[in-house]
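One structure below.
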Amino acid sequence: MRVVVAEDLYLLRDGMVRLIEAFGHEVVGTAATGPETLDALLTLRPDVSVVDVRMPPTQSDEGLRAALAARREVRGLPVLVLSQHVEQLYARELLADGAGGIGYFLKESVFDADQFVDALERVAGGGTAMDPAVIAKLLSSGSSNRGLERLTEREHSVLSLMAEGLSNQAIAQRLFLSESAISKYTTSLFGKLGITDDDNTNRRVLAVLAYLNKT
Amino acid sequence: MRQVLSWVRRACVGFVRACAVAAVALLVPAVWAAAVALWIWWWDAHLWSGIGPLIWACVGTLALARPVCRMFRALVARWTGTVIPAGYRQPGPVVRMSTGYWWNGYSYERTRRDALMDQKLRMWWRDPAVWRDLRFTAIAPLTAGVVASVPPAGVVAAVLGFSQPGLPARLVGALGLVVAVAGAPYAWRIAEPVAVRFLRPSSTMALADRVDELTAQRADTTVAQAAEIRRIERDLHDGAQARLVALGLSLATAEKLMETDPDQARALMRQARDGAATSLAELRELVRGITPPVLNERGLVDAVRALALDSPLDVTVDDGVQLRLDPPIESAVYFGVAELLTNAAKHAHASTVRISLARDDTGLVVDVEDDGRGGADVRAGGGLDGLRRRLAVFDGTVEITSPSGGPTHVRMMVPCASS
């Protein structure tokens, strides 16, 4: 895969580049500021990019904004956003276009290199990958979407793992169930959330959106 | 008939009030008149014998100034509802020091009684209100005193005039009666404008008050800041620092074991990684407590929205404004909202909360309303008191309406220049 790494701290950027290259992927560009990131994303069109939220020049959410702007230009451009903290607010903004190919993780997720690169590959493939911390926050929040109230407990746990970005196979392993059982649960929860079987929309992304959409 | 009755009643009430105003306003002049009368009385005996009554009159004026002003204020407040702030200085606390002496804010005294006496005297002497009161006792007789004396004086003239034979005397008496009756309902009203004009705290006093307030706030802020820094230091010391030491130890041991016991080394390295993750989580919590990252990245409105998303309650945010204020103000308001959300969940057992952020001509207005059971009050040292203090630093105010049974409505207002 061709990867762009956008991170302002040299040590972290360097470490990330080395980690990604160690897994046999190619880092085609790096960026250290918001404008550089946007430029790199739009000109290099990487298979996937790793973007830090807080970057110069304003040290606010430059990276996040660059990622969102790039995805407005190129729908579904795969971006994995990294941050020192995760906010539901940002997760919702990233997922809002429903195009998939999005990931949002705490920076320390790179500690587990296998899982990190796995998430990176999932995002590159158009899937979603959410940090368990985001999902945990969602679970602890009070109100939720009307459709979600009709889900059974099991469907709930399947949906939350799906939101983390796991495949049916991985969910089956986590819950000690067969893959066919999981696919039955997913079909029924898609039905309850009113997500139709349409090839052009990413059903899993829509399910996660329903999960996040609690207004 | 009823009109006449009500007019008579007003005249009677007015007459009594005019007498009261005149009596209070003329109290000090009466003391001086008595002193001068005594002096003249004793004039033949010795010229200097009049000094005594004059000294007594001075002392009497000093002692009476404040009670006269108090009475005036009380009368005006009672009759017209116009409350005039007194603006007297409030005594600070008298505390016992470790040496056993008492400190009253000005000096050390051997006993509490001495300290209180000393404080009272010094405060009285330094209080700019004393000069205002003295000035008022000089002005009041010439203004309110003169006007309010008209009805009583008319009555006196009437009584004297009718008690003597002769047409001119009768005429004077009739005139006095007319003046008394016609002036009775109105004469006392002079008290209000005079009091408002001359009894108000002067700008010097207002400034002195403000200085006191700011001094107290500064002390509060300094103490709070110091406590906060100590907390951060302790958290870092017991948390991240200790964990980093453990991390170094694990890595050093793993390095040693690499050749001889690779399995053990691998386990230690995994442990080190877990330790790093834990200390990162701790640091994140710490940072969130100092200043939430989303506040830095997005400003107040989005930070409040993020707070609403994280709350276990059903929180709606109405934000008519996209504004960036000074970071310290944003931080104070943010932590205020966080405190109120916590209260709504923990104490009020609310299920929905409505937050609205708006700005008007004077500044930022944040309303937080829940559907809980109410009964919130500001206890000294409590969360709401802390909120009030935090906002007071920016001249912000907190209004709390929380009847028992709910709902609770809190309005925070912070003045700020438009940006």
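The values are calculated or read from the model by the stated rules, or taken from the named source; none is laboratory data. Given the structure is predicted, the values throughout are model-derived calculations rather than measurements. Positions of Cβ are generated from backbone atoms using ideal geometry, with glycine treated the same way; all protein chains shown enter the neighbour counts. Ligands, DNA and RNA are excluded from the accessible area calculation, which covers all protein heavy atoms including side chains. Shrake-Rupley method; radii C 1.70, N 1.55, O 1.52, S 1.80 Å.
Suppose every Lys and Arg Cβ carries +1 and every Asp and Glu Cβ carries -1, with no other charges. What dipole size does the stretch B:205-290 come out with about its Cα centre, to the nearest 20 debye?
Values: 12 positive and 15 negative charges, 38 e Å.
In total the dipole reaches around 180 debye.
By the Stokes-Einstein formula, at 0.692 mPa s and 37 °C, the stretch B:205-290 with its Kirkwood radius over alpha-carbon pairs has D equal to 204 µm²/s.
Carbon-plus-sulfur accessible fraction, chain B (probe radius 1.4 Å, protein heavy atoms only): 64%. Distance from the C-alpha centroid of the stretch B:33-105 to that of the stretch B:354-410: 42 Å, rounded to the whole angstrom.
Across the options B:Ala37, B:Leu214, B:Leu171, the greatest Cα extent toward the positive end of the charge dipole of chain B (unit charges at beta carbon of Lys, Arg, Asp, Glu) belongs to B:Leu171.
For an R0 of 30 angstrom, estimate the FRET efficiency from the Cβ-Cβ distance between B:Met117 and B:Gln217 and round to the nearest 0.05. Computed FRET efficiency for B:Met117 and B:Gln217 comes out at 0.55. Here chain B is assigned +1 on the Cβ of each Lys and Arg and -1 on the Cβ of each Asp and Glu. Its dipole about the Cα centre then comes out at about 2360 debye.
How big is D for the stretch B:178-252, in µm² s⁻¹ as a whole number, if Stokes-Einstein is applied with the Kirkwood radius of its Cα pairs at 37 °C and 0.692 mPa s?
Values: Rh = 18.8 Å.
So the translational diffusion coefficient is about 175 µm²/s.
Rounded to the nearest 0.05, the FRET efficiency derived from the C-beta distance between A:Val28 and B:Ala276 at R0 = 25 Å is 0.30. Spatial offset of the stretch B:192-234 relative to the stretch A:1-79 amounts to 51 Å, using the alpha carbon center of each.
Here the Karplus relation 6.51 cos²θ - 1.76 cosθ + 1.60, evaluated at θ = phi - 60°, turns the backbone of the stretch B:391-408 into coupling constants of 7, 4, 4, 9, 6, x, 10, 10, 10, 10, 10, 8, x, 4, x, x, x, 9 Hz, with x for every Gly and Pro. Computed over all pairs of different Cα atoms, the Kirkwood value for the hydrodynamic radius of the stretch B:257-372 is 16.6 Å.
Note on A:85-97: average number of Cβ atoms from other chains within 10 Å of each residue's Cβ is 4. A crude spin-label estimate for the pair A:Asp97 and B:Leu207, with each label 7 Å from Cα along the Cβ direction, gives 6.0 nm. In this simple spin-label model, placing a label point 7 Å from the Cα along the Cα-to-Cβ direction at both B:Tyr186 and B:Asp238 gives a separation of 7.6 nm.
In degrees between 0 and 90, to the nearest 10, how far off the longest principal axis of chain A does helix A:153-164 point, with axes built from Cα atoms? Computed tilt is about 10 degrees.
Work out, in µm²/s and without decimals, the Stokes-Einstein translational diffusion coefficient of the protein assembly as shown at 37 °C, 0.692 mPa s, Rh from Kirkwood over C-alpha pairs.
102 µm²/s
Along its three principal directions, the equivalent ellipsoid of the stretch A:1-144 from the Cα gyration tensor extends over semi-axes of 21, 17, 15 Å, largest first. With respect to chain B, whose longest principal axis is taken over its alpha-carbon atoms, helix B:262-290 is tilted by about 20°.
Between the listed residues B:Met1, B:Ala157, B:Ala246, the Cα displaced farthest toward the positive end of the dipole of the protein assembly as shown, a dipole computed from Cβ unit charges relative to the Cα centre, is found at B:Ala157. Phi angles across the stretch A:58-69 convert, under the Karplus curve 6.51 cos²θ - 1.76 cosθ + 1.60 with θ = phi - 60°, into 3J(HN,Hα) values of 8, 6, 10, 9, 3, x, 4, 5, 4, 4, 5, 5 Hz, Gly and Pro given as x.
Surface listing: A:Ile102, B:Ile290, B:Ile40 arranged by accessible area from highest to lowest gives B:Ile40, B:Ile290, A:Ile102, probe 1.4 Å. Express in Å², to the nearest 10, the accessible area of B:Val147 obtained by rolling a 1.4 Å probe over the protein heavy atoms while all chains stay in place. In the full protein context, B:Val147 sits at about 60 Å².
Once the Cβ-Cβ distance of B:Ser163 and B:Ala23 is raised to the sixth power relative to R0 = 35 Å, the FRET efficiency obtained is 0.90. Gyration tensor over the Cα atoms of the stretch B:183-222: the corresponding equivalent ellipsoid has semi-axes (square roots of 5 times the eigenvalues, largest first) of 39, 9, 4 Å. For the residues of A:52-63, the average number of beta carbons from a partner chain within 10 Å of their own beta carbon is 2. The slack in the chain from B:His349 to B:Arg230, taken as 0.36 nm per residue of separation less the alpha-carbon distance, amounts to 39.6 nm.
With the simple spin-label model, which puts each label point 7 Å out from Cα in the Cβ direction, the A:Asp39 to B:Trp48 separation comes to 9.9 nm. Using +1 at the Cβ of each Lys and Arg and -1 at the Cβ of each Asp and Glu in the protein assembly as shown, identify which of B:Ile229, B:Ala187, B:Thr278 lies farthest towards the dipole's positive end. Sorting the options by dipole projection puts first B:Ala187. Based on alpha carbons, the Rg and Dmax found for the stretch B:6-104 are 21.2, 68 Å. Taking a point 7 Å from the Cα of B:Arg70 along the Cα-to-Cβ direction, the residues of the stretch B:137-164 with backbone N closer than 17 Å to it are B:137. Placing unit charges on the Cβ atoms only, positive for Lys and Arg and negative for Asp and Glu, gives the protein assembly as shown a dipole magnitude near 4220 debye about its Cα centre. Accessible area ranking (1.4 Å probe, heavy atoms, ligands and nucleic acids excluded), largest first, for B:His237, A:His25: B:His237, A:His25.
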